[in-house]
Amino acid sequence: MVNAFHPETLSKALEILAENPCTIMAGGTDLMAQKARGFAIRPVFEHPLLFINHIDELKQISLEDNEIHIGACATLSELLESQLIADTFKDVIRQMASPPIRNLATIGGNICNASPAADTLPYLYALDAQVEIQSQTGLRTLPIREFIKAPKTNGLQNNELLTHIVLPNKEFDINFYRKLGQRRGMSLTKASFHGLANVTNGSVTDLCLALGSVAPTIVRCELTEQLLIGQSFINIEEILPTVLNKYSEIIKPIDDARSTAKYRKEVSIRLIKNFLLGLGK
Amino acid sequence: MKENISQSIPRSDAKAKLRGETKYIADIPFDKLLYAKTLRSTKAKAKIRSILLPKIPDGYFVIDQHDVPGKNRMRTVVSDHPIFAQDDVQYIGQPILLVVGEDRETVYNILAQIQVEYEEERPLLTLEEAENSSAVFTDYHYDKGNPCAAFQNAKTLIEDEFATGYQEHVYLEPNGMAAEFKGDTLFVYGSMQCPFYAKGALLETMDLADDKVRVIQTTTGGAFGGKEEFPSLIACQVAVASLKTQKPVMMIYDRMEDILCSTKRHPSKIRYKAALDENQQIVALDIDVLFNAGAYNGLSPVVLQRGIFSVTNVYHIPHLRVHGRNFMTNSVPSGAYRGFGAPQTIFGTEMMLYNIAVKLGIEPLDYKARHLLKRNDPTCTGGRIHDEVKMFEILEKITQMSGYYEKIKHSPKYHGIGASLFLHGCGFTGKGETVINGAIQLTKKNQEVTLKVSSVEMGQGAETVLRKIVAYTLEIQMEQIIFEKTDTGLVPDSGPTVASRTTMIVGGLLQQAALEMKERWHEAESFEVTRRYNHPDFLHWDDQKFHGDAYPVYSWGANVAEIEIDPVTYELTIKNLYGVYDVGVPIDLRSLEGQMQGGIAQGIGWATIEVMETSQGRLIQTNLTNYKIPTAMDVPEMEIEFISNPYEFGPFGAKCAGELPFVGAPPAVAAAVSHALKKPINHLPIRPEKLMEIDNEN
Ligand SMILES: Cc1cc2nc3c(=O)[nH]c(=O)nc-3n(C[C@H](O)[C@H](O)[C@H](O)COP(=O)(O)OP(=O)(O)OC[C@H]3O[C@@H](n4cnc5c(N)ncnc54)[C@H](O)[C@@H]3O)c2cc1C
């Protein structure tokens with residue numbers, strides 16, 4: 001027997017969570033795959049299931065104070081349909097999974113699952129997204145990079161839900177995203193790179209670089225970004241070796257079924273280099 | 001009805017499949033059905049010390065070696081795979097026993113509690129280790145001409161080496177079988193290519209008389225060779241379980257289990273020594289073919305045979321020394337897979353010629369064309385090319401279609417174009433067709449004709465094509481031809497559905513029978529016509545010396561691939577793929593185009609993205625999350641044409657077609673990549689990881 005809760009409202013969901021430890025089920029596309037036991041055999045869950053993906057309050061996408069608020073249970077397909085979501089982000093989402101999976105998979109699930117290969121994360125890191133966390137006792141907000149602790153580990157307490165993701169409402173002059181998979185469609189990421197920049201008069205005025213699937217968590221280095229911001233394209237060429245060395249130190253990939261550590265590292269460095277040298281073009 | 005046989009007609013199985021109405025083995029209800037699940041070895045090589053069972057509840061059973069009434073070995077070419085492990089295990093995934101019962105979850109839970117105590121032994125893990133330890137299952141040699149003298153007189157000697165990896169079939173429907181006794185007769189149902197192979201295996205393992213076993217093929221959701229010999233093993237296991245429990249027993253694999261323990265394409269290593277004369281022509285080859293057969297030899301000897309008999313591909317090489325070996329490693333057994341050993345050796349030979357041409361500064365396709373076989377030339381095994389060879393026509397067509405000669409001269413860096421030439425021997429190798437001596441039957445009843453063969457529909461369109469051959473010969477409507485259920489109790493043994501033999505060999509027999517039936521049509525309301533296969537008598541084969549006509553006839557083809565490599569990430573994009581094929585006369589153009597496209601897609605997969613590796617005898621890629629086959633997004637634009645070259649003994653002039661397209665795509669892609677990077681490509685799969693390494697070398 002599987003025990004399950006199907007609350008109609010967020011406050012009801014939080015009340016249930018306050019009383020019982022639950023396994024939270026949004027779209028289930030990660031959870032059901034992780035719990036698969038074999039053909040025609042039911043998965044086993046330690047805790048009762050708490051279904052949340054139908055809760056209206058968790059599905060809203062809105063613009064408030066020049067910030068985009070995304071409900072944790074908005075599906076990837078709903079994000080693609082929303083006028084509020086930047087094309088830059090849609091580019092990322094369109095390369096995730098397949099239409100049927102995107103119809104189920106939620107952005108909250110992608111974040112909470114905390115996989116190094118979660119494809120929404122590099123963009124969310126690049127934009128310094130904040131996540132809103134609620135329990136019956138209140139609401140707290142964390143920057144995404146503090147929310148993701150380690151592979152498969154997020155910063156939620158037992159009685160908490162991720163409710164919203166908050167993004168600054170901005171687009172960049174230059175947007176370059178590259179997802180590398182074993183094939184072109186329906187493929188988990190073996191390495192990804194997201195570069196965003198603003199440029200004026202031959203120099204960089206804003207820049208963020210994020211890399212996925214090449215370290216235990218998303219790689220982003222503000223210190224190195226600061227080094228690059230304000231520089232002319234010519235200067236960037238000069239400091240490039242220092243920049244690449246820095247990234248070389250913090251990119252710590254592994255060998256696995258999808259790719260090799262060696263490739264992941266080199267391709268990441270090449271993508272950064274390619275992006276930085278391309279800024280002036 | 002007298003129409004052009006090549007003109008396409010609707011597939012008879014398409015509608016139900018598209019509507020999701022077709023029933024597969026897992027959908028078929030049985031009364032009081034028990035489910036089975038397999039306990040598998042977790043060690044690459046070990047003695048089984050003991051097996052500790054939990055308390056088994058009423059109505060649940062454990063089935064193992066002691067329950068096998070007959071031989072505890074699966075009958076095939078070499079009957080060495082135990083139905084259930086005896087005292088030892090030789091690979092991770094080897095079946096040890098079954099747990100059987102009514103509720104799947106309970107079965108699963110019992111299985112999880114069983115403890116096997118192993119005494120581990122040192123396994124042979126790789127082809128290299130196996131070669132160093134001389135762990136040889138099969139060792140074949142053959143010579144042609146005078147290789148010794150040719151090598152002594154050579155102007156230039158060139159050596160090269162190639163390697164290819166595993167490939168999983170990824171049929172849509174995983175393996176599944178069910179067995180039940182009705183009285184003292186055993187009925188086995190399931191997804192398979194070769195009902196009479198399964199029957200043969202059941203007779204030995206169940207120790208039953210011929211008329212006490214019936215095998216019924218259920219709708220088979222793809223096979224590609226993966227359901228040639230392997231289903232016999234599951235058939236025997238569920239049959240033993242059904243005997244012990246006296247209930248119907250079904251076993252359905254999930255994808256992970258299927259990948260873990262079903263057969264794969266043989267990983268290979270192929271070494272060449274080439275002797276060139278003063279005109280830079282290859283006059284002799286010394287070839288060493290190594291296949292990784294896995295833990296049991298099974299079907300591997302015949303796979304190796306096709307591999308070494310295809311090794312000179314479409315080329316006339318006067319002097320040859322060929323050595324082929326199957327090696328034993330403690331890994332999942334390799335088996336039949338579309339192309340059957342030929343894709344490995346043809347890849348090696350195509351790239352060997354390509355590399356030599358590049359070294360000599362000769363345009364590769366021109367260099368290959370200088371060596372082409374012509375009619376009446378001797379084959380590698382000293383047989384003859386009996387029929388007209390239209391390779392020059394094929395070449396002209398493909399180079400025009402693809403703009404090959406323009407593009408090879410003017411490709412920007414990281415863009416490449418490459419060509420492959422190839423053949424496939426039609427039907428069984430050597431004496432195969434004579435030994436099988438396939439039989440078919442047509443039964444007329446009033447205005448309907450029932451077509452009886454053991455050749456199965458498995459998604460390739462056999463049912464439609466065979467009915468079409470009979471209908472068009474009899475000049476009656478398709479609807480008047482009934483395809484008999486593939487049940488060994490109802491149909492004669494027309495042989496297994498393998499070796500691209502169904503249309504040419506079985507279809508040929510059907511056409512002969514239909515011709516006779518047409519002549520006698522008004523003789524009676526109902527009568528039957530039976531035919532057995534006879535090899536054309538000008539063909540000779542010596543199975544001891546490997547001398548003569550290894551195949552009655554060949555199908556031919558050429559591919560051109562255009563590719564682009566991302567200079568930053570080394571991702572490979574195959575932009576266009578052109579194919580021109582001589583398959584005799586196409587029986588149904590759309591169906592055939594489907595075969596060509598599918599074969600190309602599968603070939604591209606093996607050549608580029610299908611990575612399957614092992615670590616300590618354990619497969620690393622065990623599910624479709626990390627073992628990727630091409631999707632529509634990975635498959636290039638394909639332009640496909642056929643040239644007509646009717647074969648006297650094929651129905652309406654048809655030859656073989658099913659495996660041919662697989663063989664051609666990998667070397668075309670590899671040649672294009674080599675052209676783009678100006679580096680030899682001697683290994684498959686060609687992953688970005690590897691390309692980056694290769695391009696970094698200087
Ligand atoms: C075939 C396939 C392809 C895929 N391809 C991709 C891909 O290309 N890129 C990619 O990044 N991912 C991919 N995924 C993974 C998955 O689809 C995504 O990570 C998806 O966004 C997860 O969302 P979900 O709603 O299904 O999560 P669920 O499975 O419901 O949940 C995932 C985890 O998060 C927890 N959780 C979910 N929502 C909340 C919440 N609001 N508060 C607290 N905890 C919560 C759950 O308890 C669970 O631990 C793929 C999955 C499949 C099956």
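Taking the condition in contact with a helix residue (DSSP H, G or I) (Cβ under 9 Å, 6 or more places away or on another chain), open to solvent by 50 Å² or more (accessible area, probe 1.4 Å) and of a type in the set (V, I, T), does B:V77 pass? Yes.
Output the residues belonging to region A:35-54 that are within 11 Å of another protein chain (Cβ to nearest Cβ) and within 25 Å of the chain's Cα centre (by Cα). Please lay out each step first, then the result.
We begin by selecting, within region A:35-54, every residue within 11 Å of another protein chain (Cβ to nearest Cβ); these are A:36-44.
Within region A:35-54, A:A36 is the sole residue that qualifies.
You will find that of A:Y263, A:Y247, the residue that is assigned to a helix (DSSP H, G or I) and within 14 Å of another protein chain (Cβ to nearest Cβ) is A:Y263 and no other. Within region A:266-281, restricting attention to residues that are more than 11 Å from chain B (Cβ to nearest Cβ) and over 24 Å from the mean Cα position of the chain (by Cα), which residue is nearest to B:I620 (Cα to Cα)? In this case the residue turns out to be A:L279. Contact map, region A:83-99: first residue more than 15 Å from the ligand (Cβ to nearest atom), second residue charged (D, E, K, R) and open to solvent by 60 Å² or more (accessible area, probe 1.4 Å), Cβ cut-off under 8 Å, separation 6 or more or different chains; pairs are A:A86/A:K170; A:A86/A:E171; A:D87/A:E171; A:T88/A:E171.
In region B:599-616, of all residues being open to solvent by 10 Å² or more (accessible area, probe 1.4 Å) and small (G, A, S), the one that is farthest from the other protein chains (Cβ to nearest Cβ) corresponds to B:A601. Is it the case that A:G212 is at positive phi, in contact (Cβ under 8 Å) with a residue 12 or more places away in the chain, more than 13 Å from every other protein chain (Cβ to nearest Cβ) and not hydrophobic (A, V, I, L, M, F, W, C)? So A:G212 fails the test.
For region A:55-70, state whether one or more residues are more than 14 Å from chain B (Cβ to nearest Cβ), near the ligand (Cβ under 8 Å from one of its atoms) and open to solvent by 20 Å² or more (accessible area, probe 1.4 Å).
First pass over region A:55-70, keeping only residues more than 14 Å from chain B (Cβ to nearest Cβ): A:55-70.
Filter once more, so that each one left must be near the ligand (Cβ under 8 Å from one of its atoms): A:58.
The next check asks that each one be open to solvent by 20 Å² or more (accessible area, probe 1.4 Å); those that pass are none.
For region A:55-70, residues more than 14 Å from chain B (Cβ to nearest Cβ), near the ligand (Cβ under 8 Å from one of its atoms) and open to solvent by 20 Å² or more (accessible area, probe 1.4 Å): absent.
Is one or more of the residues making up region B:175-190 within 30 Å of B:N626 (Cβ to Cβ), among the hydrophobic types (A, V, I, L, M, F, W, C) and outside any loop (DSSP other than H, G, I, E, B)? Steps first, please.
First pass over region B:175-190, keeping only residues within 30 Å of B:N626 (Cβ to Cβ): B:175-177, B:190.
Those still in the list that are among the hydrophobic types (A, V, I, L, M, F, W, C) too: B:177.
With outside any loop (DSSP other than H, G, I, E, B) added as a condition, the list becomes B:177.
Looking for residues that are within 30 Å of B:N626 (Cβ to Cβ), among the hydrophobic types (A, V, I, L, M, F, W, C) and outside any loop (DSSP other than H, G, I, E, B), one finds at least one in region B:175-190, hence yes.
Have a look at B:Y337, B:Y272, B:Y367, B:Y296 and point out the one that is open to solvent by less than 10 Å² (accessible area, probe 1.4 Å), touching a His at 6+ places or on another chain (Cβ under 7 Å) and at pLDDT 95 or above. Of the residues listed, the single one that is open to solvent by less than 10 Å² (accessible area, probe 1.4 Å), touching a His at 6+ places or on another chain (Cβ under 7 Å) and at pLDDT 95 or above is B:Y337.
Among the residues making up region A:35-50, none is within 9 Å of the ligand (Cβ to nearest atom) and either among the aromatic types (F, W, Y) or open to solvent by 60 Å² or more (accessible area, probe 1.4 Å) (or both). Within region A:9-34, the set of residues being within 14 Å of another protein chain (Cβ to nearest Cβ), open to solvent by 50 Å² or more (accessible area, probe 1.4 Å) and either over 20 Å from A:N103 (Cβ atoms) or not in a helix (DSSP H, G or I) (or both) comprises A:D30 only.
Conditions (1) buried (at least 23 other Cβ atoms within 10 Å of the Cβ); (2) within 14 Å of chain A (Cβ to nearest Cβ); (3) part of a helix (DSSP H, G or I); (4) touching a residue at least 24 places away in the same chain (Cβ under 8 Å), marked per residue:
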| residue | (1), (2), (3), (4) |
| --- | --- |
| B:A223 | yes, no, no, yes |
| B:P231 | yes, no, yes, yes |
| B:C236 | yes, no, yes, yes |
| B:M251 | yes, yes, no, yes |
| B:E257 | no, yes, yes, yes |
| B:L260 | no, yes, yes, yes |
| B:L285 | yes, no, no, yes |
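Can you pull out every residue in region B:445-456 that is open to solvent by less than 10 Å² (accessible area, probe 1.4 Å) and within 14 Å of B:M478 (Cα to Cα)? Within region B:445-456, B:V449, B:L451 qualify. Scanning region B:129-141 for residues that are touching a residue at least 60 places away in the same chain (Cβ under 8 Å) and surrounded by fewer than 20 Cβ atoms within 10 Å (Cβ to Cβ) turns up B:E129, B:E131, B:A135, B:V136, B:D139, B:Y140, B:H141. Select from region B:187-202 the residues that are open to solvent by less than 10 Å² (accessible area, probe 1.4 Å) and in contact with a helix residue (DSSP H, G or I) (Cβ under 6 Å, 6 or more places away or on another chain) and write down the one among them that is nearest to B:G489 (Cα to Cα). In this case the residue turns out to be B:V188. The requirement of being more than 30 Å from B:H141 (Cβ to Cβ), within 14 Å of another protein chain (Cβ to nearest Cβ) and buried (at least 21 other Cβ atoms within 10 Å of the Cβ) is satisfied by B:K628. Looking only at residues of region B:502-542 that are among the aromatic types (F, W, Y) and in contact with an Asp or Glu (Cβ under 9 Å, 6 or more places away or on another chain), we find that the one that is surrounded by the fewest Cβ atoms within 10 Å (Cβ to Cβ) is B:F538.
Given the criterion β-branched (V, I, T) and more than 14 Å from the chain's Cα centre (by Cα), identify the matching residue among A:T120, A:T106, A:T163, A:T153. Of the residues listed, the single one that is β-branched (V, I, T) and more than 14 Å from the chain's Cα centre (by Cα) is A:T163. For region A:102-217, the strands (runs of 3 or more DSSP E) that sit wholly inside it and include 3 or more residues that are more than 8 Å from the ligand (Cβ to nearest atom) and open to solvent by 40 Å² or more (accessible area, probe 1.4 Å) are A:138-143, A:174-181. Considering region B:170-186, and only residues there that are more than 23 Å from B:G222 (Cα to Cα) and touching a residue at least 12 places away in the same chain (Cβ under 8 Å), the residue that is most open to solvent (accessible area, probe 1.4 Å) turns out to be B:D184. Screening A:A257 against (1) within 14 Å of another protein chain (Cβ to nearest Cβ); (2) in contact (Cβ under 8 Å) with a residue 40 or more places away in the chain; (3) open to solvent by less than 30 Å² (accessible area, probe 1.4 Å) leaves a single unmet condition, (2). Number of residues in region B:373-389 that are crowded, with 17+ Cβ neighbours inside 10 Å and closer than 26 Å to B:A654 by Cβ equals 9.
The values are calculated or read from the model by the stated rules, or taken from the named source; none is laboratory data. Keep in mind that what you see is a predicted model, and the values were worked out from it rather than measured. In this analysis, Cβ positions are derived from the backbone assuming ideal geometry, glycine residues included, and neighbour counts consider all displayed protein chains. Just the protein is used for accessible areas: all its heavy atoms, side chains included, with ligands, DNA and RNA removed. Shrake-Rupley method; radii C 1.70, N 1.55, O 1.52, S 1.80 Å.
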